[in-house]
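A short write-up of the structure that comes next.
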Amino acid sequence: MKKLGWVGFTVLKYVAPLALVVLWTCSSFGKRKDDVVIMKNGDKFTGEIKALQYGELTFKSSYMKDDVHLDWKEVKTMESQDTFIVGLSDGKRVTGFISKNDGNSGSGSNEFKIITEGAAVDVAASDVIAIGQREVSFWNQLTGSISYGFDFSSGNTATTSSLSADVAFRTTKNSVQLATSSQFGSQANAKDTNRFTFDSQYARMITNHWLAAGLFSLLKSNQQDLQLRSTYGAAMGRKLVQTDKTALTVLAGGAYSHESYVPQPGTDPVRNNAESLFGVTFSTFRFKTLNLNSQTLLFPSLSDPGRLRISSQSYLRTELTRTFYWNFQVYENYDTRPPINAPKNDLGLTTSLGWTF
């Protein structure tokens with residue numbers, strides 16, 4: 001009961017706000033429904049431009065039951081009276097009214113226009129890699145997902161359960177991402193296992209390719225006898241690759257961690273560490289339904305030379321419908337020199353079904 005109470009408190013403290021954010025996003029906010037898109041084959045659509053992502057333009061008309069996904073390369077003309085946040089291949093993010101007019105004047109023509117306050121930006125449509133609605137409401141501009149997985153084996157009465165959620169908010173210069181996960185395992189004649197994580201990251205673009213980032217994370221893992229580790233970090237990053245389907249970013253900076261382990265005789269269960277920070281994030285979208293995301297962070301210790309922590313998580317999502325997906329996740333936390341007698345590695349695989357919003 002004591003462990004359950006601690007976990008319950010942790011969930012309420014860190015996950016409840018995220019859950020409230022998710023609930024608020026369900027509220028609907030009106031936008032114009034008179035956007036016009038004309039395809040190269042002559043098809044014309046009138047309705048609402050939702051977004052451009054992974055080379056697909058998401059569009060919704062009043063007579064459509066579900067959103068349609070249009071090949072961006074096949075869009076001939078497009079026009080909207082709403083403002084959007086447009087991401088370009090050179091790293092720029094521009095906010096304004098958008099229009100596209102393919103005059104067939106050659107591949108290098110600047111047929112995409114973004115009208116900002118007092119100016120107009122003309123670029124090639126091939127340089128436009130993302131379009132997002134600039135919502136009137138903060139809540140409606142959030143994106144995220146929720147997934148849950150459960151397995152049961154009658155042979156050894158083993159059960160495993162995993163729950164995860166994430167939410168993100170992006171503007172022209174800033175982005176905030178929050179994510180949490182919880183795994184629980186139970187098996188006859190064996191110790192129960194549980195793991196809890198909370199990760200938050202903030203990034204601000206300084207130039208088209210350089211960014212400043214901050215992070216805060218929590219980890220509880222009885223696999224490593226870790227009651228709680230809190231990590232605070234700051235770093236500079238550079239986007240090495242930025243296309244409509246692939247992104248690669250590297251980070252370097254410093255971090256501070258506070259660790260609380262299960263007490264053992266002759267050891268100090270509480271540790272504070274100064275660490276350097278190096279990281280790589282990678283994402284790619286393939287075959288119209290596969291989405292791979294991966295992040296690896298390295299924490300070489302400064303206050304305990306020779307100790308190295310590695311935090312890595314990757315997931316592969318396969319789209320089942322437009323909003324539902326199957327998720328395969330791999331996570332690992334490795335410590336070359338734990339301060340107590342505990343396993344160095346915490347490695348796991350989870351599968352789940354999820355919903356995006």
Inset, instruction - Starting from residues that are closer than 23 Å to Pro265 by Cβ and touching a residue at least 40 places away in the same chain (Cβ under 8 Å), keep the ones in region 319-343 and report whichever is surrounded by the most Cβ atoms within 10 Å (Cβ to Cβ). - result: Asp335
Inset, instruction - Determine which single condition Ser303 fails, assuming it passes every other condition in (1) within 20 Å of Ser217 (Cα to Cα); (2) outside any strand (DSSP E or B); (3) touching a Phe, Trp or Tyr at 6+ places or on another chain (Cβ under 9 Å); (4) among the hydroxyl-bearing types (Ser, Thr, Tyr). - result: (3)
Legend entry - Thr267 more than 22 Å from Leu349 (Cα to Cα), hydroxyl-bearing (Ser, Thr, Tyr) and modelled with pLDDT of 95 or more: no
Inset, instruction - Scan region 255-273 for residues that are touching a residue at least 40 places away in the same chain (Cβ under 8 Å) and under 28 Å from the mean Cα position of the chain (by Cα) and report the count. - result: 3
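Residue-by-condition table, conditions (1) closer than 29 Å to Tyr325 by Cα; (2) modelled with pLDDT of 95 or more; (3) touching an Asp or Glu at 6+ places or on another chain (Cβ under 6 Å); (4) not in a strand (DSSP E or B):
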site	(1), (2), (3), (4)
Asn156	no, no, no, yes
Thr172	yes, no, no, yes
Ser181	yes, no, no, no
Phe198	yes, yes, no, no
Asn208	no, no, yes, yes
Ala213	no, yes, no, no
Gln227	no, no, no, no
Inset, instruction - Kindly check whether there is at least one residue in region 229-251 that is touching a His at 6+ places or on another chain (Cβ under 6 Å) and either polar (S, T, N, Q) or touching a residue at least 60 places away in the same chain (Cβ under 8 Å) (or both). - result: yes
Inset, instruction - Go through the residues of region 299-312 one by one and say whether even a single one is within 29 Å of Tyr148 (Cβ to Cβ), surrounded by 18 or more Cβ atoms within 10 Å (Cβ to Cβ) and aromatic (Phe, Trp, Tyr). - result: no
Legend entry - Pairs where the first residue, in region 100-125, is in a strand (DSSP E or B) and the second is at pLDDT below 80, C-beta under 7 Å, 6+ apart: Asp122/Asn110; Val123/Asn110
Inset, instruction - Report, ordered by the first and then the second residue, all pairs with beta carbons closer than 9 Å, sequence separation of six or more or different chains, a first member in region 171-192 that is touching a residue at least 40 places away in the same chain (Cβ under 8 Å), and a second member that is of a type in the set (A, V, I, L, M) and surrounded by fewer than 18 Cβ atoms within 10 Å (Cβ to Cβ). - result: Lys173/Ile206; Leu178/Val21; Leu178/Ala168; Thr180/Val11; Thr180/Leu218; Ser182/Val7; Ser182/Val11
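The values are calculated or read from the model by the stated rules, or taken from the named source; none is laboratory data. This structure is a prediction, so every number in the text was calculated from the model and none was measured. Here Cβ is always computed from backbone atoms with ideal geometry, including for glycine, and neighbour counts include all displayed protein chains.
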